[in-house]
1. Is one or more of the residues making up segment 339-359 modelled with pLDDT under 90 and assigned to a strand (DSSP E or B)?
2. Does segment 19-66 hold any residues that are touching a residue at least 60 places away in the same chain (Cβ under 8 Å) and more than 18 Å from residue 88 (Cα to Cα), and which are they?
């Protein structure tokens, strides 16, 4: 089950602002909070008091809280891998280890008596498989990637995928960060240009970032790295169906009722005998084999990657099949162009291409999850 999360950095904010932010996110179904102890330079007693208050409030609102730590944080707070009582006193659910101790101590920390989960850095070779082999409690081991405040420093897709292949093979729960584009957001450090895990996400709308991570089928939980995101961004994330891969399409005007029914009223299923040229949803042609789908003039000689088409009356045997184009094919009059996936979402189509037989849904333009989301001629694939 996927979870959505926010980040809170109490040393850079006020109690009132943080509580208001947590309350908004909680109302929208967010259930994780990330915070950072690496950047906090206050005396031990102040840290314990401030973070205990914050974590207690977060728990009241239904959040679980993870704090980024390292060996020097343990030393400052008087904690050790054998003694996590200070973190238990604060109320932390998860301790993220940005840095390690040694193999013996990294094993011991996962076997703490408080049930605190230990979150290893997913963007590095954390030797987790060896730790589990040598006695680390796999039930207390989870994974969270880094975020990257410096432009062009975020993970490449291939590096991200390679790390996740390891975590997924071990069956470990994973998390990664997306970035808000709200004005005056901040992270734990003064260097800041957004806080995504993947560099390709840095300038994308937050909904696209979230839906792309879901489409990769590599990540369980998705957290906003910077604070404080706009309420509209929280709403966009909350409106995403976390159980599906979704992509929007820009639709043509004047679709017929039959075309709308094919696009919007089907749980579309691609085929295991996949074509390299398009993802095929063949079931609609069974229901609509007796219905006319007249050809519509289309000015381009070829259909391009990201185009969405319906087979029309000129190819009667396949009439009604919905296809998402992967490679250019000639416009021979047998397919009707009904829309196109926006450029910024082609990375989601890349993931759909890897799983052509997965089910996808298409929704009409206005989705109402108790809030208004995406107005205009848009549709959703899943």
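The values are calculated or read from the model by the stated rules, or taken from the named source; none is laboratory data. None of the values given here were measured: they were computed from a predicted structure. Reconstructed Cβ throughout: ideal geometry from the backbone, glycine too, with neighbour counts over all protein chains shown.
1. yes
2. Within segment 19-66, 21, 24, 25, 28, 29, 30, 39 qualify.
One line per residue, one yes/no per condition, for (1) surrounded by 14 or more Cβ atoms within 10 Å (Cβ to Cβ); (2) in contact with a strand residue (DSSP E or B) (Cβ under 8 Å, 6 or more places away or on another chain); (3) not in a loop (DSSP other than H, G, I, E, B):
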{"residue": "17", "(1), (2), (3)": "yes, no, yes"}
{"residue": "25", "(1), (2), (3)": "yes, yes, yes"}
{"residue": "29", "(1), (2), (3)": "yes, yes, no"}
{"residue": "47", "(1), (2), (3)": "yes, no, yes"}
{"residue": "52", "(1), (2), (3)": "yes, no, yes"}
